[in-house]
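Peer 1: This structure is in C-alpha cells; I'll ask about it shortly.
Derivation of every value follows stated rules applied to the coordinates shown; laboratory data play no part. Source: prediction; values computed, not measured. Note that we place each Cβ from the backbone using ideal geometry, even for glycine, and neighbour counts take in every protein chain shown.
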Amino acid sequence: ELGDRKPKVEKMFGLMDEFLKNDSISLQKDILDHVEFTVARSRFSFDDFEAYQALAHSVRDRLIERWHDTHQYFKKKDPKRIYFLSLEFLMGRSLTNSVTNLGIQDQYADALTQLGFEFEVLAEQEGDAALGNGGLARFAACQMDSLATLDYPAWGYGLRYQYGLFRQIIVDGFQHEQPDFWLNFGNPWEIERVHVSYPVKFYGTVEEEVLNGKKCKIWIPGESVEAVAYDNPIPGYGTRNAINLRLWAAKPSDQYDMESYTTGDYINAIVNRQKAETISNVLYPDDRSYQGKELRLKQQYFFVSASLQDIMRRFKDLHRSFDEFPEKVALQINDTHPSISIAEVMRVLVDEEHLDWSKAWDIACRIFSVTIHAVQPEGLEKIPVDLLGSVLPRHLEIIYEINYRLMEELKKSFGQDYDKLSRMSIIEEGAVKSIRMANLSLACCHTVNGVSRVHLETLKTRVFKDFYALWPQKFQCKTNGVTQRRWIVVSNPSLCSIISKWLGTEAWIRNVDLIAGLREYAKDPDLHTEWKNMKRVNKMRLAEYIETLTSVKVSLDAMFDVQIKRIHEYKRQLLNMLGIIHRYDCIKNMDESDKRRVVPRVCIIGGKAAPGYEVAKKIIKLCHAVADKVNNDPDVGDLLKVVFIPDYNVSVAELVIPGSDLSQHLSTAGHEASGTGCMKFLMNGCLLLATADGSAVEIAEEIGAENMFLFGAKVDEVPALREKGTTLKGSLQFARVVRMVRDGYFGFKDYFKSLCDTVEDGGDFYLLGYDFASYLEAQAAADRAFVDQEKWTQMSILSTAGSGKFSSDRTIEEYAQQSWGIEPCKCPF
Ligand code: NBX
C-alpha cells in the first residue's frame, strides 16, 4: 500500500537503465556489488559459497525484471489464467536452469572466469529445493518450465515447507532420515512478500442467520493463521516471460488472543501463537497412502484457502460479476491433495458472495480439472468425517450438500442400484466414516486426466468405472512429459551441443519434435564417435562421484546399469537385486574362459524409502548387503559392481542419468501410472529395460520395441496370474536366488526373512517369481546388444531421436487446449 505517496514515474525512468545489462563487465560489477552489499563480504575476500550467493542474487535481479514485465503485461491483457495447485514441487537447483533459460550462461561463465571463479564449481554450491516426494512433484516442476516457455499466463501455488523431503543417510547399510533444513543459508530464489498475506481460518462452529429474508449459514471460525507469500520467478526459455510460483508460509495471525494477554498468561500466549508456524513446517514423506492426519488436512486447506483468496482478489480487481469467473480462471488440481478447494470455492461463492447454490456449482464445475497420479483405489485420499467436521465444519456441510445433490442425480440414471450409489458416493460408510476426495473431484471437475494411455484405461475400467459410464467425456489422457531444458540442456551440455550441431539449429530446445531429425544420422560413423565420447565423459564424471561417495572404483568399460526412483514393492527394486544375485552366482560358477565373455556391469541403485515403509527399508539394506559381498569378492573383480547412491534427489539425477547406459523400469504391469524417469533416460540416449507399463508402452511405439528391452507379464495378464496365486511357481533360478538370501549368504538372515516371504509362500503379489525368467532374458539381450557397440550406439541415438513426444511442452499444449482453454500471452518487450 502506497497510501498518499505516489512514485514520480518520470523521475524513476530517468534514473534507471531500461534493462539490466548482460555484458561480461556489467555482470562482474553486479556480482561484486552483491558480494559487498547483499552477502556483506569484502570484495577482496570471499569464498565459493559467498560467490555463489552473489551470483545467484545477480541472476535473481534479472529474473525479477522479466517477472515484473510479464505480470504487468498479463494485467494489461487480462487473459484467462491457469492456476496450478499442487502440494508438492520438486524444483531442485535453480542457478544453471535460470541462466540457461535467460540465455546468458556464456556471459556469466566468462564474467566469473575474469573474477577467478568457475561457473560449474559455484553451481555445485547450491542445495536442492526438495519440496516434494517423487514423480508427481517433479512433474509439477517440469510443467512450470513448459508453461513459462510456451508463454502461458500461469501461476503455480504451493506450500513453502521449512523442511523439505528428508535427507537419506546410510549407516551400516540401513536408511536413516535426517531433516532437510534447506533454508538454513537463505534462499536467493524467493522473494518474501510480507504485504501479500491472508488469514486462513480453522475449527469453530456453523451458525444460521437470516440475511435479506433468506436463511444462510455462517462459519464462526475458532482459529486464524496468516499465510504469507513467497514468490519464486520461473523463467521461460527463449522468451522474456517469467511466471510465478507462489508458495505460502504460515505465520501467527495478528489477531491477538486478548483474553490470554489480559489474564496475564503472556508467555503461553506467545508460545501458542508460534504454533501456527507448524502448518508449513514439514513435507509428508509418504507417497503411498493418506493417513488421515489433522496436520496434513490443515496443510491442504491452508494453501488452498490462501491461493483462492489471492486468485479471487486478482479477479475482483478487474471484474464485477462472478459470471465471468470461468472465462478468466482455470484451476488445475494436482492429484486430489488440493481437492478441498472445491468445497472452498463453494463456500466463498455461496456464503460470502451470496450466489445461489446452483449458480455457484455451475461455476465450480466449469473451472476445475484434476489429474490423478495414482493407480490403486487404496492410493486415493479419504478424510475421516469427524476430522473434517472438527477442522472445517462448514466445508463438511457443503460436501454433504454436494453429495446429496449428486445422489439425486445418480438416482435418475441408476434408479435404486444402491451398490452403485454407495460406490459413487462422496461419503464412505464403514468403521471410519470418510470423505472420498477423489469422488468429490470427479463430481465437480470438467476433466479428469490420466497420466498415460494405460493409466487412463485403468481409471476408466477399474478405479472410476461407474463415473466413466456416467460421464465418459470427462476422462482424458494427457501422457506425462519432462522438460528437455533441464534434462538435456542443463544436465547434459555435451549432448545438447551434439544435437544442435547435427540438426544445424538450437530450435529443438523450444520445439523438441525437431529432435526426430537425428534419425537420419543414426548410422553415421562421425556421429557415433561424438556420441560415444560424450557418453564416456559423462560416465567418467559419474564414476568419480561414485568413488567419492562409496569408495567403490568402477570401470568405464562396464555397462552402467541404473535404477533410480522411490523404493516401492511395485517398482520391484527387489527384482533387480535378485537379478544381480543371479548374475553374481553365475560368475562364481564360471571358469576363466567363460568369464571372458561376461559383459562387465556396474549396477547403480538409488532412492528413498518412506520412513515407515519397512519392506522398502529392507530392500535398501539388501542392496548394501549384496554390494558388500560382491564388491569385495576377488573372483568377480570388474565383472560386477553394485553401488547404492545415497540421498537420491533431482541434482543427483542430473548427474547420474547422462552417465548411464541402461536404465531399469520394472513395475508390475498396471501399477505405474506413467513413470517420468524413463523419459529423462530416453532423452539422454540411455536404453530402457522395462515392463509394458505406464508410459513405457508409448515409448516403445515411438522408438520401436526393437530399440528397448521389454519383458514381463502384460497389464491384462496380471489379474489372471494373481488369481492363480499359490499354484504359480517361479523358475528354479528364482527359487535359488531367494534361497541364497534366506540362508544368510549375504548375512542378516533373520532380518531378510520377511522380505523373502513377500515373494514366496503363496504371496508374491507383484509377480517377481513369474516375471523372473523373462527379466533374465531381457538382461541377456541387453548384454548381447552392448557387445556390439555400433548397434548399441545406434539404438541410443534412436532413443534420443524418438523422445520428442515425451516433452512436457507437448503435455502442456494438450492441457492448455483440451482442459484449460487458455492462449499464450507473450510479453512483447
Ligand atoms: O506420479 C507418480 C506416479 O507414481 C508415477 O507413475 C507418475 O509418473 C508420476 C507423475 O504423474 N506419483 C507420485 O509421485 N505420487 C506421490 O508422490 C504422492 C505424494 C503424496 C501422496 C501420494 C502420492 N500422499
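Peer 1: Nearest 0.05, what FRET efficiency do Glu207 and Asp254 give at R0 = 22 Å with Cβ-Cβ as r?
Peer 2: Computed FRET efficiency for Glu207 and Asp254 comes out at 0.35.
Peer 1: A follow-up question, please. Would you tally the net charge around Lys588, using a Cβ to Cβ cut-off of less than 9 Å, leaving Lys588 out, and scoring K and R as +1, D and E as -1?
Peer 2: Surrounding charge for Lys588 is -3.
Peer 1: For the ranges 88-95, 313-320, what's the packing order if you count other beta-carbon atoms within 10 Å of each residue, average per peptide, and put the highest first?
Peer 2: 88-95, 313-320
Peer 1: Please go through the residue pairs Lys595/Lys629; Lys214/Lys298; Lys76/Lys474; Lys478/Lys724 and name each one whose alpha carbons sit more than 24 Å apart in this structure.
Peer 2: Over 24 Å Cα-Cα: Lys214/Lys298; Lys76/Lys474; Lys478/Lys724.
Peer 1: Using Cα centres only, tell me the gap between the stretch 518-553 and the stretch 266-304 in whole Å.
Peer 2: Computed from Cα coordinates, the inter-centre distance equals 45 Å.
Peer 1: Could you list the trypsin sites (Lys or Arg not before Pro) in the stretch 230-312 that lie in coil according to DSSP, counting only those with at most 16 other Cβ atoms within 10 Å of their Cβ?
Peer 2: Filter output for the stretch 230-312: Lys293.
Peer 1: Taking Lys588 as the anchor, which aspartates and glutamates have their alpha carbon closer than 16 Å to its alpha carbon, excluding any fewer than eight residues away along the same chain?
Peer 2: Asp628, Asp633, Asp635, Asp638
Peer 1: Shifting gears a bit: For the pair Phe315 and Asp628, how long in nm is the line joining their label points, each one 7 Å along Cα→Cβ?
Peer 2: That separation, rounded to one decimal, is 5.9 nm.
Peer 1: Cα centroid distance between the stretch 676-702 and the stretch 37-53, in Å?
Peer 2: Going from one Cα centre to the other spans 44 Å.
Peer 1: Length gain on complete extension for the stretch Asp557 to Val787, per 0.36 nm per residue less the alpha carbon to alpha carbon distance?
Peer 2: That works out to 81.7 nm of additional length.
Peer 1: Which order, highest average first, do 340-350, 703-713 follow once you tally other Cβ atoms within 10 Å for each residue and take the mean per peptide?
Peer 2: The densest-packed peptide leads the list: 340-350, 703-713.
Peer 1: Quickly work out the Asp78-to-Val171 label distance, labels modelled 7 Å from Cα along the C-beta direction, and quote it in nm with one decimal.
Peer 2: Modelled inter-label distance: 6.0 nm.
Peer 1: Take the alpha carbon gyration tensor of the stretch 507-624, find the square roots of its eigenvalues, order them as a ≥ b ≥ c, and report rounded if a/c is under 1.5; if not, report prolate when a/b exceeds b/c, else oblate.
Peer 2: Because a/c hits 1.5 or more and a/b fails to exceed b/c, the stretch 507-624 counts as oblate.
Peer 1: Would you please name the GluC sites (Glu not before Pro) within the stretch 401-451 that are DSSP coil residues with at most 14 other C-beta atoms within 10 Å of their C-beta?
Peer 2: Passing both the DSSP loop test and the Cβ count: Glu429.
Peer 1: Give the cross-link partners of Lys501 among the lysines, using a straight C-alpha distance below 27 Å as the criterion and excluding same-chain residues fewer than 8 apart.
Peer 2: Straight-line reach from Lys501, under 27 Å: Lys523, Lys532, Lys535, Lys539, Lys680, Lys791, Lys805.
Peer 1: When a/c is below 1.5 the answer is rounded, else prolate if a/b is larger than b/c, else oblate, so apply that to the stretch 547-789 with a ≥ b ≥ c taken from the square roots of the Cα gyration tensor eigenvalues.
Peer 2: Taking the square roots of the gyration eigenvalues as a ≥ b ≥ c, the stretch 547-789 is rounded.
Peer 1: Still on this structure, please answer the following. Length gain on complete extension for the stretch Glu428 to Ser754, per 0.36 nm per residue less the alpha carbon to alpha carbon distance?
Peer 2: Length gained between Glu428 and Ser754: 114.0 nm.
Peer 1: Measuring from a point 7 Å past the Cα of Leu20 along Cα-to-C-beta, which residues in the stretch 181-204 have an amide N at less than 17 Å?
Peer 2: Label zone hits: 187-192.
Peer 1: Between Val615 and Asp585, how high is the FRET efficiency from 1/(1 + (r/R0)^6) when r is the Cβ-Cβ distance and R₀ = 22 Å? Nearest 0.05.
Peer 2: 0.40
Peer 1: Quick one: Cα centre-to-centre distance for the stretch 755-829 and the stretch 425-469, in angstrom?
Peer 2: Taking the Cα centre of each part, the stretch 755-829 and the stretch 425-469 sit 26 Å apart.
Peer 1: Here is a follow-up. Measuring from label point to label point, each 7 Å out along Cα→Cβ, what is the Ala507 to Leu421 span in nm?
Peer 2: Result for the modelled spin labels: 6.0 nm.
Peer 1: Relative to 2.2 N^0.38 Å, what does the C-alpha radius of gyration of the stretch 30-180 come to as a ratio? Two decimals please.
Peer 2: Normalised by 2.2 N^0.38 Å, the Cα Rg of the stretch 30-180 equals 1.22.
Peer 1: Now a separate question. With a ≥ b ≥ c the root eigenvalues of the C-alpha gyration tensor of the chain, is it rounded (a/c under 1.5), prolate (a/b larger than b/c) or oblate?
Peer 2: Note, shape of the chain comes out oblate.
Peer 1: Tell me, in nm to one decimal, what length is gained between Thr263 and Ser45 on full extension, where the rule is 0.36 nm per residue of separation less the Cα-Cα distance?
Peer 2: 73.1 nm
Peer 1: A further question follows. Would you mind computing Rg(Cα) / (2.2 N^0.38 Å) for the stretch 395-500, counting N as its residues?
Peer 2: So the stretch 395-500 has a normalised radius of gyration of 1.55.
Peer 1: Sticking with this one: For the peptides 100-107, 679-686, what is the packing order when you average, over each peptide's residues, the other Cβ atoms within 10 Å and list the highest mean first?
Peer 2: So the order, starting with the most tightly packed, is 679-686, 100-107.
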